[in-house]
Amino acid sequence: MADRYLSFTGTAPGRFLSRRLGLPQPAALRRWSPQRPSLDGALLRLTAGKSELDPDLASVLSRTGLEVAEAVPAASAGALGVAAVVLDASGVRDVDGLGEVHAALHPVVRSVAASGRVVVLGAPLDAGDHHQAAAQQALEGFTRSLGKEIGRGRTVNLVRLTDASAAESTLRFLLSPRSAYVSGQVIHVGADAPTAPTAPTLPTAPGDWDRPLAGRTALVTGGARGIGEAVAETLARDGAHVVVLDVPAAEADARRVAERLGGTALPLDITAADAGERIAAALPDGLDVLIHNAGITRDRRLVNMPAERWGSVLEVNLASVLRTTDALLASGALRRGGRIVATASIAGLAGNAGQTNYGASKAGVAGMVRALAPRALAEHGVTVNAVAPGFIETKMTAAVPLFIREAGRRMNSLAQGGLPVDVAETTAWLAHPASGAVNGQVVRVCGQSLLGA
Ligand code: NAI
């Protein structure tokens, strides 16, 4: 169902009315397209505190396709604005350092273009003493607050890192139109080589940033429609051979998607006890990317919820995710350097009335990711992360009653729902061969929803 309010506020009378009435003012978001793959304009690079990220940071930023400047270029000071600001605050160690954050950003916020990006770089929270921890944690409150007030489709995110090269795929993602619906997030990027003594060194630098998944096989569960279809499409765009898994009843749709993308359909109910073994048997050469996207809702308040509604949601959304992950890791079908991306939900992080089953299952996914990530990387060379979508425009959300749907759409900093492609782009970043240092993260794709932390 089209977002009519977004179309209306895109017109001159709509803009006038919504402003006069104090109503939300969603901006049309700039998304990736082959014709316009990057943001337009300059990348303003600022520093607060004494940073140690250079010279790697300078070279990573120089490869984003944006022209790097250290002051607002005269040409960008006018209506167009700068495309992005990267504030390196990793060297902020105390409250005085926070003053430098204010001093750096206060004069330039106004110059950031519509759909522009602000990316703050921070240090890991466990580095340094309690003064440093206070200052670094302060960056989270700062980032999230700026995200809520900045408007015009602009996003604000915080990346904690120690090694800029290991964060190249993350910075490229956040500084591009691909991250249009990701805002208010705190993303931790580890060091390039995993620290566990038994850990293998992951191949992190792909030869080709345009088709990073060339030669790799990606399996998407629930890929026949909705978000899963968009994920399959985006991974195929990035060069992967996609395997579109869906229930046998959706086989025709799975085949249609697979054929369009030059991939393969795999009709299979993911809740089958031997689903992992059957996937491994269908892919004798193994797989590199495993996307757990299949999911269902069976809403009822707990007082009215029969055991089968509880059980079916826990089975599809969580038990089968755990079972197939275990089977594919144990058999080695998921190759070293592999990627697992599971699908949580903001309902699992914030809770939602009528969704005790769904909320439990999606919070469970986040728990699995956190606990499995270090072990899977150390033992199998595989990273494990999750995306947590907010309100995404799909058939599922089109069926939500009008009032609740409108609330879901507007109650986020971007004042609109996301599109399946927004979840897909985030998944593609996590699945990227250069994202080996991103592990154990649950990244919300929610336009900075007001729900949840
Ligand atoms: P959808 O209902 O449009 O698609 C889900 C797909 O999974 C369908 O093709 C379905 O046949 C398949 N599936 C269901 N049970 C299966 C099973 N046992 N075995 C194999 N395939 C199965 O859902 P949508 O909206 O695309 O959601 C995708 C994921 O994103 C789900 O995990 C959902 O919980 C999650 N999500 C969606 C949000 C939204 O706003 N649409 C918000 C938050 C999370």
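The values are calculated or read from the model by the stated rules, or taken from the named source; none is laboratory data. These figures come from a predicted structure and were not determined experimentally. Positions of Cβ are backbone-derived with ideal geometry, glycine not excepted, and every protein chain shown enters the neighbour counts. Quick note on the areas: whole protein, heavy atoms, side chains included, nothing else; ligands and nucleic acids left out. Shrake-Rupley method; radii C 1.70, N 1.55, O 1.52, S 1.80 Å.
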When only C-alpha pairs under 8 Å and at least 6 residues apart count, what is the relative contact order of segment 121-164, in percent?
50 percent
Expressed as a whole percentage, what fraction of the accessible surface of the chain belongs to carbon and sulfur atoms when a 1.4 Å probe is rolled over the protein heavy atoms?
57 percent
Suppose R0 equals 25 Å. What FRET efficiency, 1/(1 + (r/R0)^6) with r the Cβ-Cβ distance, do residue 304 and residue 402 give to the nearest 0.05?
0.60
Hull volume in cubic angstrom per residue (convex hull over the Cα atoms of the chain)
151 Å³
429, 209, reordered so the largest accessible area comes first (probe 1.4 Å):
209, 429
Using amide H atoms built 1.01 Å from N in the peptide plane, name the residues 5+ places from residue 85, or on other chains, whose amide H lies under 5 Å from its own.
44, 117, 118, 119
Got a sec to turn the phi values of segment 364-372 into Karplus ³J(HN,Hα) couplings, 6.51 cos²θ - 1.76 cosθ + 1.60 with θ = phi - 60°, whole Hz, x for Gly and Pro?
x, 4, 5, x, 4, 4, 4, 7, 7
Residues with amide H under 5 Å from that of residue 265, placed H, sequence gap 5 or more:
244
Taking Cα atoms, how many degrees apart are the long axis of helix 95-105 and the longest axis of the chain, rounded to 10 and kept between 0 and 90?
90 degrees
Sorted list, accessible surface of protein heavy atoms, 1.4 Å probe, largest first, for 358, 181 is 358, 181
So what is the relative contact order of segment 71-191, in percent, for Cα pairs below 8 Å that sit 6 or more residues apart?
26 percent
How high is the relative contact order of the chain, given as a whole-number percent (alpha carbon pairs under 8 Å, six or more residues apart)?
15 percent
Would you list 395, 148 from the most to the least accessible area, probe 1.4 Å?
395, 148
Using only Cα atoms, locate the centre of segment 334-373 and the centre of segment 267-302, then give the distance between them in Å, rounded to an integer.
14 Å
Please list, in order along segment 122-139, the HN-Hα scalar couplings obtained from phi with the Karplus expression 6.51 cos²θ - 1.76 cosθ + 1.60 (θ = phi - 60°), rounded to whole Hz, x for Gly and Pro.
x, 9, x, 5, 8, 8, x, 8, 5, 5, 5, 4, 4, 5, 6, 5, 4, 4
What whole-number distance in Å separates the alpha-carbon centres of segment 216-250 and segment 374-394?
16 Å
Between segment 430-444 and segment 407-429, the Cα center-to-center distance that results, in Å:
18 Å
Residues whose built amide H sits under 5 Å from the amide H of residue 384, excluding neighbours closer than 5 in sequence, are 340, 440
Which of the peptides 403-410, 84-91 is most tightly packed, and how do the rest follow, going by the mean number of other Cβ atoms within 10 Å of each residue?
84-91, 403-410
Contour minus Cα-Cα span, residue 109 to residue 336, at 0.36 nm per residue, comes to 77.5 nm
Which value in nm describes the separation of the simple spin-label points at residue 273 and residue 127, placed 7 Å from the Cα toward the beta carbon?
5.0 nm
To the nearest 10 square angstrom, what accessible area does residue 173 show with a 1.4 Å probe?
10 Å²
Treating only the Cβ of Lys, Arg, Asp and Glu as charged (+1, +1, -1, -1), what charge dipole size does the chain show about its Cα centre? Round to the nearest 20 debye.
1520 debye
Using the basic label-point model (7 angstrom from Cα toward the beta carbon), what is the residue 326 to residue 4 distance in nanometres?
5.0 nm
